[in-house]
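Reviewing the structure listed below.
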Amino acid sequence: MGKNVSLNKITVLAIVSFLAITVITFFKSALELEDAEQAYYSQWLRWGYDDQPPLYTWLQYGFNTIFKVNKLAFSILRASLFAGILLALYQFAQLRIKEVEKSKLAVLLLVLVPVFIDFTFRRLSHTSLLCLSVIASYYCVQLLVSRKSILNYLLLGLVVGVGIMSKYNYVFFLLTFALVSLWDKELRAIVFNPKILVSVLVSVLLVAPHAYWLLGPDGFQYYLESSLEEKIGTEEVGSGFSLMPILRYLKGLFALLFPVLLFVGIGYFSNVVSFNKQKKHWFAKMFIVQLLVLGVFFLVFQSQKVETRWLLPLFIPFVVLLLEKVNLKNNQRLVSIGYWVFIAVIGLQTLRTPIEKMLNIPSSVHFGFEPVAHKLKYEDYQWVLPNVTYAGNVRVLHPERTLFSVDDYSLGQSKSKNQKWVEVIIDPSKERQKVAVDSLIGFGKEKENLYFYIGQGTKNSLSQP
């Protein structure tokens, strides 16, 4: 009976989160950055999009087919993933922790992870899918530790394929898993079992078409490498080797975990939390090696940036490890408090957007793109926007049209050379020879100056002077 009540409460929490994320959409005049990207990219089914694998956009394409191209379709997908993370983490915790209330606390502790309860709740797309994939991967590994059946190996292969197709960061989990399998006998028994070929075959079949697209003759891997260098800031690296990336990494970990560590620290000194001694099982070894793998990566590539959202998917399952390592007094009371705190934070997040608008707090989601769409009154022309944020927001206003973005390197050549186009440029250079046919000055939160040009030619020549 107690187990069913716990499951129902977690389900209610997932449903409330789903509804809140969906409701927030109605308070926004424009799409969040990630939603705008999906509004643009989901015009097509491709083997890859920009610097991301295709799975999330494929899912968005399906949701657009069901719900049409509107703000609701994008929020429903993100809401489904957020709710799925809560439910999946609870299921994994139940496999690892035998106490029902402590399993529930593993989910409730996420309210103390800022990047999850704020950034993931409000806007993250591929990262949310990766969180779900990594949790599912640990779930599959735990199943295989208990029972090495063909079905469990098949499930692992499916989850690995989905993980790789969700976000490239998933390879850090795979590398960690491979290294720990050399150290831990339980994982070694999984990996060096002939049935692992089932997992390998399934994952390879799922990933192979995208891998060919990425590594094939079109050279998309070079764009990916360039994007990676830009994201981690290697272009800013000076001469010489520095240990600063390790400090940035530790700072990112601290920002990710500080509220959780503070909660545990206060509980320890209040005699509410105590630690128990356990031998280093495979899950604890995964945590240690995951820390080292990421640290080595950031150090070797001399990363100048470490974002907490990059770390979140790889460490979110380890809240379960934390609950394994501690003893708590009055678990039921902590669960009750944590549950209502989680509900309260979700409520505040829901009210945040309309309150910001009412108090005139600047936010990009409060500036609709109707003025831009109104200026694009050229029905027989291709519409070319300066970036996917503009293109996605305009597409929601004109879902019947196919739009193009200048920064979409994964599109390739578009229509014929005789196609007429109208392009929107943000603050064009003085050297530009053509005269703008229209303009929109001081648009949006950043007060950008937009200029409209018309011409004729292929997409790849659109942004040339």
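The values are calculated or read from the model by the stated rules, or taken from the named source; none is laboratory data. Every value quoted in this text rests on a predicted model; they were computed, and no experiment measured them. Cβ sites come from the backbone with ideal geometry, for glycine too, and all protein chains shown count toward neighbours.
Scan segment 372-379 and give yes if some residue there is touching a helix residue (DSSP H, G or I) at 6+ places or on another chain (Cβ under 7 Å) and either assigned by TED's automatic domain parsing to the domain that holds residue 103 or outside any loop (DSSP other than H, G, I, E, B) (or both), otherwise no.
Scanning segment 372-379, I find at least one residue that is touching a helix residue (DSSP H, G or I) at 6+ places or on another chain (Cβ under 7 Å) and either assigned by TED's automatic domain parsing to the domain that holds residue 103 or outside any loop (DSSP other than H, G, I, E, B) (or both), so the answer is yes.
Being polar (S, T, N, Q) and either surrounded by 18 or more Cβ atoms within 10 Å (Cβ to Cβ) or touching a Pro at 6+ places or on another chain (Cβ under 8 Å) (or both) is the filter here, so list the residues in segment 370-393 that pass it.
Once the filter is applied, which keeps residues that are polar (S, T, N, Q) and either surrounded by 18 or more Cβ atoms within 10 Å (Cβ to Cβ) or touching a Pro at 6+ places or on another chain (Cβ under 8 Å) (or both), segment 370-393 yields 382, 389, 393.
Would you be able to tell me the number of residues in segment 306-340 that are part of a loop (DSSP other than H, G, I, E, B), modelled with pLDDT of 90 or more and charged (D, E, K, R)?
So the count comes out to 1.
Just wondering, is there one or more residues in segment 279-286 that are at pLDDT 95 or above, within 21 Å of residue 112 (Cβ to Cβ) and buried (at least 18 other Cβ atoms within 10 Å of the Cβ)?
Yes, that holds for at least one residue.
Report yes if residue 40 is touching a strand residue (DSSP E or B) at 6+ places or on another chain (Cβ under 8 Å) and either part of a helix (DSSP H, G or I) or touching a residue at least 12 places away in the same chain (Cβ under 8 Å) (or both), otherwise no.
So residue 40 fits the description; yes.
Cβ-Cβ distance below 6 Å, separation of 6 or more or different chains: which pairs start in segment 204-216 with a residue that is in contact (Cβ under 8 Å) with a residue 60 or more places away in the chain and end on one that is part of a helix (DSSP H, G or I)?
From residues that are in contact (Cβ under 8 Å) with a residue 60 or more places away in the chain, the pairs are 214/220; 214/221.
So, residue 130, is that one at pLDDT 95 or above and either part of a loop (DSSP other than H, G, I, E, B) or closer than 15 Å to residue 308 by Cα (or both) or not?
Criteria met by residue 130.
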